[in-house]
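Have a look at the structure below, then the notes.
Nothing in this text is a laboratory measurement; each read-out follows from the coordinates by a stated rule. From a predicted model like this one, the values you see are computed outputs, not experimental measurements. We place every Cβ from the backbone using ideal geometry, glycine too, and count neighbours over all the protein chains shown.
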Amino acid sequence: MKSPFVRSRIKSVFWLALALLLGFGIQPALAKPPAMHIMEGFLPPVWCVVWFAVAIPFWTAGYIKIQKLVKDKPETRLLLGFAGAFAFVLSALKIPSVTGSSSHPTGTGLGAILFGPAVMSILGGMVLLFQALLLAHGGLTTLGANTVSMGIAGPLVAWWVWQGLKGKMSTAWAVFIAAALADLITYVVTATQLALAYPDPVSGFFGSWSKFLVVFAVTQIPLAISEGILTVLIFRALRQTATAELETLGVQGA
């Protein structure tokens, strides 16, 4: 049993490490400005409207849930900020892919496990908004589409997997699978969005979809595995440094 002093020191080191990670994590993105996610102006206007229409109900539900969470469980606010910062850092790390494209982790699996998919739709949307405004990654007209892929679809899958696997296998494996699949599903949905907007002239939607999937798979599969491992490590650290908060959220004993 760690003394309160030791627990306090561990928490201080943990949050300091997060701050340093945030600082270093932004640098690769600033060094190479080409956009990540779906860039500004890349989607036809009709598809921008469609994806905003899909995202808005999730944003509404997420806003209501966050308001209730902050009111009823104010001790979880720091953990809420951490989940958003974790997603911001990981999704700002651009890794070159083939044909001039790029891939990146998403960091949304952790927040989905802790708070559920509705909350992550808000956190993911905020992350994408700040990246569009500050780092020129993604765009404002494509914010709805990017939120659907990274802030809604990925967290939904992570939450479903976590709910289905917790208690049936080790926590580490459940967290790993949930985080890795959240990453992969994000790019499956992104490939779908791009294929819907730009079907292949010969093979149509499925031809274009398969091409986009192949382009992303080269880097995204190893990235998903790496993100799953990192999320497990972070989750273990949280179980030691934020025990009370996790118990409040109902995930500590999983």
Exercise for the section: Filter the chymotrypsin sites (Phe, Trp or Tyr not before Pro) in region 69-162 to those in DSSP coil with at most 12 other Cβ atoms within 10 Å of their Cβ, and list the result. Expected result: none
Handout entry: Cα-based reach from Lys71 at 13 Å (exclusive), listing aspartates and glutamates while leaving out same-chain residues under 8 positions away
Key = none
Fill in the blank from the handout: Under 5 Å from the placed amide H of Ser103, counting only residues 5+ away or on other chains, we find Ile95, Ser97
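Between Ser210 and Gln240, how high is the FRET efficiency from 1/(1 + (r/R0)^6) when r is the Cβ-Cβ distance and R₀ = 51 Å? Nearest 0.05.
Efficiency at R0 = 51 Å is approximately 0.70.
Using 0.36 nm per residue, how much length does the chain from Leu140 to Ala172 gain when fully extended, once their Cα-Cα distance is taken away?
Numbers: separation 32, 0.36 × 32 = 11.52 nm, distance 3.63 nm.
Value of the extension gain: 7.9 nm.
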Completion exercise
Where a ≥ b ≥ c are root eigenvalues of the Cα gyration tensor, a/c under 1.5 meaning rounded, otherwise prolate if a/b exceeds b/c and oblate otherwise, region 87-232 counts as prolate
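For each of Met120, Met150, Met126, count neighbouring Cβ atoms within 10 Å of the residue's Cβ, then give the residues from fewest to most. Could the numbers behind the result be given before it?
Values: Met120 35, Met150 31, Met126 15.
Fewest-to-most ranking of Met120, Met150, Met126: Met126, Met150, Met120.
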Problem - Under Karplus coefficients 6.51, -1.76 and 1.60, residue-wise ³J(HN,Hα) of region 196-209 in Hz, glycine/proline x - result: 5, 6, 9, x, 5, x, 9, 9, x, 4, 5, x, 5, 4
Handout entry: Between region 53-89 and region 217-233, the alpha-carbon center distance in angstrom
Key = 24 Å
